[in-house]
1. Exactly one of (1) at pLDDT 95 or above; (2) over 15 Å from the mean Cα position of the chain (by Cα); (3) closer than 17 Å to ASP111 by Cα is unmet by VAL2. Its number?
2. Within the range 56-69, can you find the residues that are of a type in the set (Lys, Arg) and open to solvent by less than 20 Å² (accessible area, probe 1.4 Å)?
3. Taking LYS53 as meeting all but one of (1) closer than 16 Å to CYS97 by Cα; (2) open to solvent by 20 Å² or more (accessible area, probe 1.4 Å); (3) assigned to a strand (DSSP E or B), write down the number of the exception.
4. Scan the range 77-93 for residues that are in a strand (DSSP E or B) and either closer than 26 Å to ASP28 by Cβ or of a type in the set (Asp, Glu) (or both) and report the count.
5. Has the range 69-76 got at least one residue that is assigned to a strand (DSSP E or B) and over 20 Å from ARG31 (Cβ atoms)?
6. Select from the range 5-50 the residues that are at positive phi and surrounded by 14 or more Cβ atoms within 10 Å (Cβ to Cβ) and list them in ascending order.
7. Which of the following residues is surrounded by 14 or more Cβ atoms within 10 Å (Cβ to Cβ), of a type outside the set (Phe, Trp, Tyr) and in contact with a Leu (Cβ under 6 Å, 6 or more places away or on another chain): MET79, MET84?
8. Can you find a residue that is of a type in the set (Asp, Glu) and open to solvent by 40 Å² or more (accessible area, probe 1.4 Å) anywhere in the range 91-106?
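The values are calculated or read from the model by the stated rules, or taken from the named source; none is laboratory data. Model, not experiment: these values are computed from the prediction. Methodologically, a virtual Cβ is constructed for each residue, glycine included, from the backbone with ideal geometry; neighbour enumeration extends over all protein chains shown. Just so you know, the surface numbers come from the protein's heavy atoms only, side chains and all, with ligands and any DNA or RNA stripped out. Shrake-Rupley method; radii C 1.70, N 1.55, O 1.52, S 1.80 Å.
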Amino acid sequence: QVQLVESGGGLVQPGASLKLSCVASTNDFGRYALAWFRQSEGQEREFVALITKTNNTLYSNSHNIRDRFAISRDNDKNMLFLQMDNLRPEDTGVYYCAASFRLGTSAGTYDTWGRGTQVTVSS
């Protein structure tokens, strides 16, 4: 069973950047589709971005995420990343990385989740 651990969250001002990381403990990292989700207080978990095992990417159509965020992976280091630029207060939430052998944008697609890292965007 793969384990995922996120890091890189924090408190930043609007317009700032953060880079989230997720390290996986598995020998099959390159076979997984990986994704980032986020959850704000009182809201459902929301798809942010995914990257396939062949490095194709897909982003949420909401909140101009595709213009501000970039998902990437390093299979040699078993790591997933999310570069977030021009952060907005509405980006505040807990960010989770997720892994699956399947591909999709719904949370139910993913079998394995990290515990999340908090991102707070506030002036």
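1. Exception for VAL2: condition (1).
2. Applying the first criterion (of a type in the set (Lys, Arg)) to the range 56-69 yields 66, 68.
ARG68 - this is the single residue of the range 56-69 that is of a type in the set (Lys, Arg) and open to solvent by less than 20 Å² (accessible area, probe 1.4 Å).
3. Unmet for LYS53, out of (1) closer than 16 Å to CYS97 by Cα; (2) open to solvent by 20 Å² or more (accessible area, probe 1.4 Å); (3) assigned to a strand (DSSP E or B): (3).
4. Summing the residues that are in a strand (DSSP E or B) and either closer than 26 Å to ASP28 by Cβ or of a type in the set (Asp, Glu) (or both) in the range 77-93 gives 5.
5. The first filter runs over the range 69-76 and keeps only residues assigned to a strand (DSSP E or B), leaving 69-74.
If we keep only those that are over 20 Å from ARG31 (Cβ atoms) as well, we get 69-70.
Taking every residue of the range 69-76 in turn, at least one turns out to be assigned to a strand (DSSP E or B) and over 20 Å from ARG31 (Cβ atoms).
6. The answer is GLY8, and nothing else.
7. Details: MET79 fails: in contact with a Leu (Cβ under 6 Å, 6 or more places away or on another chain).
After ruling out the rest, the residue left standing is MET84.
8. No.
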